[in-house]
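The values are calculated or read from the model by the stated rules, or taken from the named source; none is laboratory data. It should be emphasised that the depicted structure is a prediction, and the values quoted were computed from it without experimental measurement. Note: ideal-geometry Cβ built from the backbone for every residue, glycine included; neighbour counts use all protein chains shown.
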C-alpha cells in the first residue's frame, strides 16, 4: 500500500511539472507571436496581396488613368486629385468603406506623381504607384 501511494504521488508530481513546463512553452510561443506579429505566421499575406489591396488596386486604377489623361491634356499632373473631377473622373474613390484602415494619398513632384495606399491587417503595409515602374509594396512582413 505504501508503494502505491508513493507511485501515485510521483505521477501527480510529474503531471504538475509537465503541465507547468507546457504552460511556459505555450506562453513563450504566444509572446514570440505577439512581438513578431505575423512574421512567423505562415498564413499572413505579403504586402500588396489580399482583400484590402485588391480593393485599392480596383478603385485606384481609374485614378491613375485619369492622371495620365490630365497630363496628356495639360502637360503636367494636377496639384490635387480634386482637379480630376468632373472632367476626368465623376468622383474620387472612397477606400475602406468596410475597412477603416485603408487610405490613400497623392503626391506630385515636378514631372511625376506617386499614388500610395496604406492599410493594416495584419501589420502596417503600403503600396506605391509610380509611372512607369508600377506598384511597389512594402510593409512590416
- Message: Kindly evaluate residue 119 against the criterion of being modelled with pLDDT of 95 or more and either surrounded by 12 or more Cβ atoms within 10 Å (Cβ to Cβ) or in contact with a helix residue (DSSP H, G or I) (Cβ under 9 Å, 6 or more places away or on another chain) (or both).
- Response: no
- For the stretch 49-87, which residues satisfy the criterion of being more than 28 Å from the chain's Cα centre (by Cα) and more than 16 Å from residue 107 (Cβ to Cβ)? 69, 72, 73, 74, 75, 85, 86, 87
- Query: If you check residue 102 against the conditions, is it modelled with pLDDT under 85, touching a strand residue (DSSP E or B) at 6+ places or on another chain (Cβ under 6 Å) and closer than 21 Å to residue 139 by Cα?
  - Reply: yes
- Task: Check off (1) out of contact with any strand residue (DSSP E or B) (no Cβ under 8 Å at 6 or more places or on another chain); (2) crowded, with 17+ Cβ neighbours inside 10 Å for residue 71 and give me the number that stays unchecked.
- Result: (2)
